Every structure is written in structure tokens, then in C-alpha cells.
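Visitor: Supplied in C-alpha cells, the structure appears directly below.
The values are calculated or read from the model by the stated rules, or taken from the named source; none is laboratory data. Since this is a predicted model, take the numbers as computed values, not measurements. Virtual Cβ from ideal backbone geometry, glycine too; neighbours counted across all protein chains shown. For the accessible areas, the whole protein counts, side chains as well, though only heavy atoms, and no ligand, DNA or RNA atoms are used. Shrake-Rupley method; radii C 1.70, N 1.55, O 1.52, S 1.80 Å.
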Amino acid sequence: MAKNEFDELDILRRAKTPAPDEAAKARALAGAMAAFDAAEKISPATQGSADGARLTDRTIRFWREMMQKKLVAVPALAGLVALPVAGYVGWQVMEELRHATAPGDAFVETKAPERQRVEAPQAPVGEAEIAERGIADTLTAQPAPRSEEPALLNSGTRPASRDMQVGGSALSKQMAVPAAPPVIAPEPYITPEDRERFERFGTNPVRSALESPVSTFSIDVDTASYAFARRSLKEGFLPERDSVRVEEMINYFPYDWAGPQNAEVPFNTTVTVTPTPWNADTRLMHVAIKGYDVQPAEKPRSNLVFLIDTSGSMSAADKLPLLKNSFRLLVERLEADDTVSIVTYAGNAGTVLEPTKVSDKGKILAALDRLEAGGRTAGEAGITEAYRLAEESFVADGINRIMLATDGDFNVGQTSDEALKRLVEEKRESGVYLSVLGFGRGNLNDAMMQTIAQNGNGVAAYIDTLAEAEKVLVEEASSSLFTIASDVKIQVEFNPARVAEYRLIGYETRALAREDFNNDKVDAGDIGSGHTVTAIYEITPVGSPARMIDDLRYGEAGQGGGVANADEYAFVKIRYKTPGEGTSRLIETPVTEANVSAFTEAGEDLRFSVAVAAFGQKLRGTDALADYGYDKVMEIAAAARGTDPFGYRAEFLSLVRLASALDGKR
């Protein structure tokens, strides 16, 4: 600021204050506040936008000091000072707007559910401090613009002279304050449309064992739901209820159930009945299945086709870059004699890598590294090309599998779930199976993933981190790739003499008709090497006050004077096919008092799986657990954590804590 400006301001401070003029005071306040409002509106500073600027503390603090009630209480002083000060503030705002929108200075926040104004810091200046510092001190506290910066306000020069009249004295000084240049609002940041799609389904109801004694469903070894829920919770919100499939939550964890002794019987079944933690008047019937664990020397050759979505939406760091690193982990896990092909699809399908032995690992990894995202999503063409390559390199008695990695919808060619379902149903007869790996957020078509994985005799997983990729593709590679039993169905018949009601926890999307159990043409889930599958029923014993369904008026009719095997709770039947066979085999297990155990005496795996079942039901908002707190879930899980070599159970405990904190905000 020039020396003559300080001199004139000193004169102003020493000048006698004129008598108050209410009209002048009103005009000064109106003009000053209008200037302040205009300055505030220059930059809304929305969070979540890559563009936009915010007023710095020094500008806002300066204006607030100028607008203190005691300062503008002197009408003439307010009238004389308000306009030039407003011009100065306008200049300062424009300087800061230009600086804030310079490259690298933009404020970006990746997730902002609401547009938020930046609040000015509350730092009022006291009356004594204002009197001591004076207007000149307030102005000199503002830093001068950098000399190398381009000028503002036409010529860009700061005010050089003003005309002021105090009392009858004329202080000649002209001030050139042209209109502020127009501010072009930055193009608004558009949040990508949330196109995630989940199959809608209701929670299994309580059923009467007398009216509907038989429950039938296909097994499920998918884990996508748990990984998706975990990501949602870690990002600070509860997962969508239809994204929560409780059976996938339960089966995410490895359990040490008793397995078969040899491959002649591909899996073993263990049934346990315990009290229900969330209802003292019901019991849980816990059905655990463990597949035969094929030893490394027995593993067959693998013929894998990586079918990779390289459409434009895959450019995010948690999509194609994570996908490539995930497949690198799998390639490192394969044997030298295994074969890998790579097909990509974006607009149309193309073969990036013809069938290549893993002994030439460098060629496979180089092909992965070259992948880039761009274009639309021709998924159907990609699937067709992938099946062609898989069939050309088919390995008899080996693993022939397509691994589809995508972030969402197919928008070129056949795009409906039903059309894709028919396609993979036809192709699975060739012996080539299809698994799906989901990546990213915002475009995830979970319903499609589930449809084609289930009908392609594969599994569906969701990979949100490289650690999850290691779990799915390395630690569980055998169970994910090598099938030991297909079309596995479970049917439970409850004895109405012992069980009044029952409710299957989860498996809503895997329900089968009663007659489907004996129909070998009906597709069902597969079990891989060493896989574990868990199903839990909540049952209400006869005579329990927890019964929810009234007796039928004619309920005893047709019972024939008694019930056979009246001492049994239920009878569990499992049908399965060995790979390559068209006729199913049957395993039967009666459930009696010998299967009953106190909950606290049950093994850690059983108790932990029950905690996960309770957690999944709470995320879905199941009425049966409305009064059962997250703290109780934590208590069960913590006591059953066990050795936890990979830290999955410790992570589960942290998710329960997150859900507990977020649940009140649903």
C-alpha cells in the first residue's frame, strides 16, 4: 500500500466523527452486506468436486472485522469505508479463486454424500482490539499480491487515489473500481450413476412342520456377498439389504468340519442341534458339509481362460489394475503344464493370448500388463469366444474353466440375464465351467453374476482388495477350480412330533421345489476340493412358547395313529453327482438326541458360524433378531475366534463394530 494511502487513513482516524445519519448508515450496511453476499457466492466450494474454490480464512476474517457492529455503528465512517473495502474484498476473493483453481490446488474429496458450504471460522474481534488496530492495521495485515501474477480488474492496478470528504475538508483521491470480471462456474462434477443391481428376495418365513415338513435347496459356496458387505461397511455405510445373502456370509469362512477319509465318498455331513443364542425357546439345527481335500499330487491339469472386461468403466484403480494383479497371483499358483488363454471384450471380443503353457509365464504376464480399458461391454461375444478357446484346449479329466472378471453390465449383444443364462447352460454341457469375479463399485451387476455363475457350474466372488484376490485365487484355488461333486442338493424332512416349526437361515435364492430333489436334470451347486458348506435351521420344538403358527383344526387327520421314527428331529438327505456322471447318489443322515449339544460346549467353528449367521440376519433386518444386539454377536464371535491364521475372524469382529455404529443411521 502506498505511503499517501497511509497518510490519508491517518487523517481519517484523527478526523472528528460527524453526527449520526440513519439513512447513511442504512445505505452503508446494505451495500456492504450485498458485497459480502456476492463474495460468498463466487465459490460454493462443494465437496466431492474436482473444481471450485473456497474463501480462505484471512479474507473472511478481514471482512468480518470490517462488519463488526461497533465499527459500522458510526454511520459516516461506515458510509465512507464500506464501498472501497467491498472493492478490496472483491479483489481478494478473485485472487484466491484464481489461486485455488490452479492445477494441483483443487480440493477434491472422493466421497461426499452432501454438498457442504465451507463455514467461516468464528474468530470475532473485540471492540478494544478494533480501536487499537484501526482500519489501516486491518488493511496492512493483508499480504500484497505476488508480482509475477497477472493483474485483475482491467489494468490490474490496485486503487491509486480516492476522493473523501470528512466534515468540510476535501481529501482528493480517485478510486477506480470497475465491475468484477464474470466468473465462469466450473463444469459440475457428476457422480457416476449408481447402476448396481441385486436380485430382490424375501427372507425365509417360519413354516409349520405339520403342513410343510420338507425343505429343499441347492448348496451355495459363493462368497461375493460377504466381501461386498465388508467393503460397504469400511466405506461407512450399511450394505443394501438385498446384497446380503446370509449363506454366503456364513460360508465365507473356512471351517474345520470333519471330512471324508477318501475320495470314494466326496464329502462328509455333520449335524448338530444346539440352543439358539437369540431365542431361549428355539433350537438351531446346524448342518455342516466338508468336501474331500485333493492332495497336490492328485490335482489334474488346468485349462483356464481369463475372460476380462476391458470396457471404459474398468479404468478405476479397484477394477482393471486390481484385476490384473489378481490374475498374476493365480498364474504364479499354477503348474508349468497348465494352460492359460486371455480373451477381452470392449465393444467386441478379441483374443489377447492364445492357449499358452504356464511354463511360458513371462508371455502370460506380459499379455496381462498390456491390457487397457476403453469402449463398451460386449460380454456375450466375449463369453462365446472364451468357450471356443476353452473347448479347443480341453483337458480330459482336468479343470476346464472360464474365469470372467467384470465390473458390471453387458451392454452390447445379448444383455438380459435370461439370455446369458441359456448361453452358459448350453455351454456347460461341454464340460467347461464358468466362474465370475466382480470388481469395483457403482456398476456392479450382482444379479447377472449370480445367474451365470450358478448356471455355469461356477462360483461368484467379489474382489475388493488384493488380499481378497489372494484368498479366492491362491488360498482357495483348489476348492474354487477343482470340482469333486456337482448338482449338490439338500433336503430336510422335519418330524412334526418333535418339531413344530422351522426356518431356514439364508439360501432364499437357492430354494428348490420338493420334487426337484430327485430330478437329476435340475441343476444345483457344486463342491470343490476341501470346500465346506454350512446350513442352519432355527427350529421350534413341540410345546415351545415360541410357536408362531396356530394348530390346524383338522391337523391330526391322516396321521395314521402315530409317526414313524418319532424320536428323530429330522432326516437329512443329500444328493450329488460325481464329475462326468449323469445319475445322482444319495447320502442320508437321521437327526436324533445324539446330535444335541449345549451351545457353550459346541466347537469354536460351530459357534463362530452362528455368530456370522446372526450378523447377516441383522444386516438384512430379520425380525427374529430385532432385539438381539450387536454386542451379543461380538461376544459369541470373540469367544469362538480360535487360532484365526489369516485374520478373517478378527476382521469380522471389526465389521460388527462398524455395523453397530452405523445401524442407527439406516
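Visitor: Could I have the simple spin-label model distance between Glu426 and Ala661, label points 7 Å from Cα toward Cβ, reported in nm to one decimal?
Guide: Result for the modelled spin labels: 5.2 nm.
Visitor: Shifting gears a bit: Amide H to amide H, which residues 5 or more places from Glu501 or on other chains are under 5 Å from it, using H placed in the peptide plane?
Guide: Ala209, Thr540
Visitor: Could you tell me the relative contact order of segment 285-365? Use alpha-carbon pairs under 8 Å, at least six residues apart, and round to a whole percent.
Guide: Details: 89 pairs, mean separation 24.3, N = 81.
Once normalised by length, the contact order is 30 percent.
Visitor: Run the simple label-point estimate for Asp631 and Asp567 please: 7 Å along Cα→C-beta, distance reported in nm.
Guide: The two pseudo-label positions are separated by 4.4 nm.
Visitor: Let me know the shape class of segment 195-247, please: from the alpha-carbon gyration tensor, a ≥ b ≥ c as square roots of the eigenvalues, rounded when a/c is under 1.5, otherwise prolate if a/b is greater than b/c, or oblate. Don't jump to the answer; show the numbers that get you there.
Guide: Numbers: a/c = 2.85, a/b = 2.32, b/c = 1.23.
It is prolate, given that a/c is not under 1.5 and a/b is the larger ratio.
Visitor: Students sometimes get this wrong: rank His531, His286 by accessible area, probe 1.4 Å, all chains present, largest first. Intermediate values should be presented prior to the final figure.
Guide: Details: His531 30, His286 5 Å².
From most accessible down to least: His531, His286.
Visitor: Hey, with R₀ at 45 Å, roughly what FRET efficiency would Val522 and Glu372 work out to, going by the Cβ-Cβ distance, to 0.05?
Guide: Values: r = 42 Å, r/R0 = 0.94.
E(calc), rounded to 0.05, equals 0.60.
Visitor: Before I look further, what does segment 518-666 give for accessible area per residue, probe 1.4 Å, in whole square angstrom? Mind dumping the intermediate values first?
Guide: Numbers: 7430 Å² over 149 residues.
Spelled out: the 1.4 Å probe surface of segment 518-666, per residue, equals 50 Å².
Visitor: Once you put a point 7 Å from the Cα of Phe201 and another 7 Å from the Cα of Asp256, both along the Cβ direction, what distance in nm separates them?
Guide: Modelled inter-label distance: 3.2 nm.
Visitor: Using a 1.4 angstrom probe, figure out how much accessible area segment 218-343 has per residue, in square angstrom, rounded to the nearest whole. Please list the in-between numbers first.
Guide: On the way: 4120 Å² over 126 residues.
With all protein chains present, segment 218-343 gives 33 Å² per residue.
Visitor: Between Ala317 and Ser654, take the C-beta separation as r, use R0 = 22 Å, and let me know the FRET efficiency to the nearest 0.05.
Guide: Working: r = 23 Å, r/R0 = 1.05.
The pair Ala317/Ser654 has a calculated efficiency of 0.45.
Visitor: For Leu552, tell me the accessible area in Å² from a 1.4 Å probe, rounded to the nearest 10.
Guide: Counting only protein heavy atoms, Leu552 exposes about 90 Å² to solvent.
Visitor: Stretch Ala638-Glu298 to full length: gain in nm at 0.36 nm per residue minus the Cα-Cα span?
Guide: On the way: separation 340, 0.36 × 340 = 122.40 nm, distance 3.74 nm.
Net length gain for the segment: 118.7 nm.
Visitor: Please report, as a whole percent, how much of the solvent-accessible surface of segment 213-302 comes from carbon and sulfur atoms (probe radius 1.4 Å).
Guide: Working: 1370 of 3040 Å².
Accessible surface attributable to carbon and sulfur in segment 213-302 totals 45 percent.
Visitor: Now a separate question. Once phi is turned into ³J(HN,Hα) by the Karplus curve 6.51 cos²θ - 1.76 cosθ + 1.60 with θ = phi - 60°, what whole-Hz value does each residue of segment 306-312 show in order, with x for glycine and proline?
Guide: Along segment 306-312, the couplings run 7, 9, 10, 6, 10, 5, x Hz.
Visitor: Hey, which of these cross-link pairs are over 23 Å Cα-Cα: Lys421/Lys573; Lys290/Lys421; Lys324/Lys577; Lys427/Lys573; Lys234/Lys471; Lys234/Lys290? Mind dumping the intermediate values first?
Guide: Numbers: Lys421/Lys573 28 Å; Lys290/Lys421 29 Å; Lys324/Lys577 34 Å; Lys427/Lys573 29 Å; Lys234/Lys471 19 Å; Lys234/Lys290 31 Å.
Beyond 23 Å between Cα atoms: Lys421/Lys573; Lys290/Lys421; Lys324/Lys577; Lys427/Lys573; Lys234/Lys290.
Visitor: Would you tell me the accessible area of Met403, worked out with a 1.4 angstrom probe on the heavy atoms of the protein chains, in Å² to the nearest 10?
Guide: Accessible surface of Met403 is approximately 10 Å².
Visitor: What shape does segment 505-650 have by the C-alpha gyration tensor, where a ≥ b ≥ c are the square roots of the eigenvalues, rounded means a/c under 1.5, and otherwise prolate means a/b greater than b/c and oblate the rest? Let's see the in-between values first.
Guide: Numbers: a/c = 1.80, a/b = 1.14, b/c = 1.59.
The shape class here is oblate.
Visitor: Still on this structure, I have one more. So how exposed is Leu466, as accessible area in Å² (1.4 Å probe, rounded to 10)?
Guide: About 80 Å², rounded to the nearest 10.
Visitor: Could you tell me whether segment 217-336 comes out rounded, prolate or oblate from its Cα gyration tensor? Rule is a ≥ b ≥ c as square roots of the eigenvalues, rounded for a/c under 1.5, then prolate if a/b exceeds b/c, otherwise oblate. Can you show the working numbers first?
Guide: Values: a/c = 3.10, a/b = 1.20, b/c = 2.58.
Taking the square roots of the gyration eigenvalues as a ≥ b ≥ c, segment 217-336 is oblate.
Visitor: Additional query: Counting only other residues whose beta carbon sits under 15 Å from that of Asn565, what net charge do I get with K and R as +1, D and E as -1? Before the final figure, lay out each step's value.
Guide: Values: positive: Arg498, Lys573; negative: Glu493, Asp567, Glu568, Glu588, Glu593.
That works out to -3.
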